[in-house]
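Have a look at the structure below, then the notes.
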Amino acid sequence: MKNSKYNILTIMIIISTFVFGVAVLILLFGDYMEKAFNVIGIRVATLFVAFASFCSSSVFSLLIFKHNRTISQANEDANKRAELFREVQFASNNYSIIEFMDRLLIYDESIRYVEKYIMQQSFNFHMLEERVEEENVLKNPQSFTYISLKIPFRIVEGKIVSAISFNKLRFMRDGVSYTFFPPQGIDGSPAYILHNETTKRNNVIINLIVPKDSDFFVSSKINDFSKIEIDIEILSILGVKVKGVSELFFTNPLQIEGNASNTYRINSSTFTITETPKVLILD
């Protein structure tokens, strides 16, 4: 910006000096031009003055254009910064942070939901173990085990939660990790959010797909895990998204529930934000 102004000022000084010099020469040789060219000399002087006026007007207009362009760009930048500030302020006041609590349940998924989604060529509300391929599940659904994970949660800060998505889920047991990912083509698997009117608690449910030969979960016995890591996205009711990682530490079950589910008492949970809250554009 400074170099541009300096260049324009230099050009103006050069043109002004040139015009002033030529005008002085015409003034000094005015008598000669009148005798030599008569009326033509006067016309030449008039033409030069008109051309000089045109040049000065053009330079002045260019300066006005550059000034208006600079002001317009400055206003546009200020508006963008103000809009960004308003968005950041809105996001910082309307996000949601949750905490998993109480009891974690793992049990066989209902056949009704397997038929509703998997048999209909859909992976909604499901995550796949890292070695599982989608095509194999769709071609041979009977070769896989379908498991549901249910966790109660509460809002510890922010607005009401409208949606929760799982980006990655990792179970650890005796140094062995069982990692689950969303189906290809989506960033995160959406989870069920159920509200219990009796206990006034919210529950999140996600379904897992594992090969039948996997030792991840056997419904006929107690399955021990040391820790669970959950990479999730939380969307508030006002459209602000937060990404974070939740770690659950719990007591392994001492018995199997009546519906063949394993119940784990959550002793503590942590939630670490991995990205700052962002306003999600909703369609």
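Coordinate-derived values only; no laboratory data. Just so it is clear, the model here is predicted, and its values are computed rather than measured. Positions of Cβ are generated from backbone atoms using ideal geometry, with glycine treated the same way; all protein chains shown enter the neighbour counts.
Neighbour counts of other Cβ atoms within 10 Å put THR17, THR179 in the fewest-to-most order THR17, THR179. Per-peptide packing, taken as the mean over residues of other Cβ atoms within 10 Å, places 197-210, 265-278 in the sequence 197-210, 265-278 from highest down. For region 96-279, place one equal point scatterer on every Cα, skip the solvent, and apply the Debye formula. What is log10 of I(q)/I(0) at q = 0.14, 0.16 Å⁻¹? Scattering profile of region 96-279, log10 relative to I(0): -0.77, -1.02.
Its Cα centre serving as origin, region 83-241 has a Cβ charge dipole (Lys and Arg +1, Asp and Glu -1) of approximately 460 debye. Once the Cβ-Cβ distance of TYR192 and ALA82 is raised to the sixth power relative to R0 = 30 Å, the FRET efficiency obtained is 0.15.
Considering only alpha-carbon pairs that sit under 8 angstrom and 6 or more positions apart, the relative contact order computed for region 96-279 is 28 percent.
Take the residue pairs LYS168/LYS200; LYS159/LYS278; LYS200/LYS241; LYS116/LYS139; LYS80/LYS159; LYS200/LYS227 and return only those whose Cα atoms are more than 19 Å apart. Provide the component values of the computation, followed by the final result.
Working: LYS168/LYS200 28 Å; LYS159/LYS278 14 Å; LYS200/LYS241 24 Å; LYS116/LYS139 16 Å; LYS80/LYS159 27 Å; LYS200/LYS227 27 Å.
Beyond 19 Å: LYS168/LYS200; LYS200/LYS241; LYS80/LYS159; LYS200/LYS227.
Per-residue extension of 0.36 nm, minus the Cα-Cα distance of VAL49 and GLN89, leaves a gain of 8.5 nm for this segment.
How many percent of all Cα-Cα pairs in region 165-211 sit more than 11 Å apart? For region 165-211, the fraction of Cα-Cα distances above 11 Å is 73 percent. Relative protection proxy for 187-196, 120-129, from highest mean packing down: 120-129, 187-196 (other beta-carbon atoms within 10 angstrom).
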